[in-house]
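K.L.:
Sharing a structure below in structure tokens format, with a few things to ask.
The values are calculated or read from the model by the stated rules, or taken from the named source; none is laboratory data. Not measured: the values here are computed from a predicted model. Heads up: the accessible areas ignore ligands, DNA and RNA and are worked out on the full protein's heavy atoms, side chains in. Shrake-Rupley method; radii C 1.70, N 1.55, O 1.52, S 1.80 Å.
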Amino acid sequence: ALVRPRVGSIMATTTEVQDNFVKGAKALSEEADARVVERLSKGDAERAAQRERRKEKEKEEANPRENVDKFNQSQQQEAESIRRSLQEVEERPPSTKDEIHVAKGTFEGLRLRVLEMEKAAASASYFLSAYDVRATSDLAKDLKARIDSVQKKVLPRKAFTFRRRRVMKDRNAS
């Protein structure tokens, strides 16, 4: 007297259990996926915030003299200032001895400013690219050439004399 269970009801129950299990597993999987995605996005946000903090800290700690853009801008401003000074001397050439003396001093001052530009470029070469170093040296070279050409154009050439003869004439006259 073996009692057989109803096959149809057991199968339905097993299928329902399997369906419920699959639905529960899907729900758990979706929750787990959501938690993983949330954790990943939170981690990404934290890394982005750390990256921003690090960049800000580097900017604060960076030596302001090591800013390539500021260096190039200051060099261009100095070059423009030198060009304006040369243009002023060229537009109003000296005519008297005093003006000539002042113009000679101006040219020497301009040469010193170009030399300072070269010194600044040499000291900044450790953070400048090779292109920037080359551009700065070319700028200084062009400014030197411009100073020389304006000086030759504006200042009178020194008269050539034989010093020895003049000294001899002065001795003979006394």
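K.L.:
Tell me, in nm to one decimal, what length is gained between Ser95 and Ser137 on full extension, where the rule is 0.36 nm per residue of separation less the Cα-Cα distance?
P.N.:
Taking 0.36 nm per residue and subtracting the Cα distance, the gain is 11.8 nm.
K.L.:
Using the structure shown, list the pairs from Lys97/Lys119; Lys70/Lys119; Lys119/Lys141; Lys119/Lys153; Lys70/Lys141 with a Cα-Cα distance above 23 Å, or answer none.
P.N.:
Table pairs above 23 Å Cα-Cα are Lys97/Lys119; Lys119/Lys153.
K.L.:
For Lys23, what accessible area in Å² do you get when you roll a 1.4 Å probe over the heavy atoms of the protein chains, rounding to the nearest 10?
P.N.:
Probe radius 1.4 Å; accessible area of Lys23 about 140 Å².
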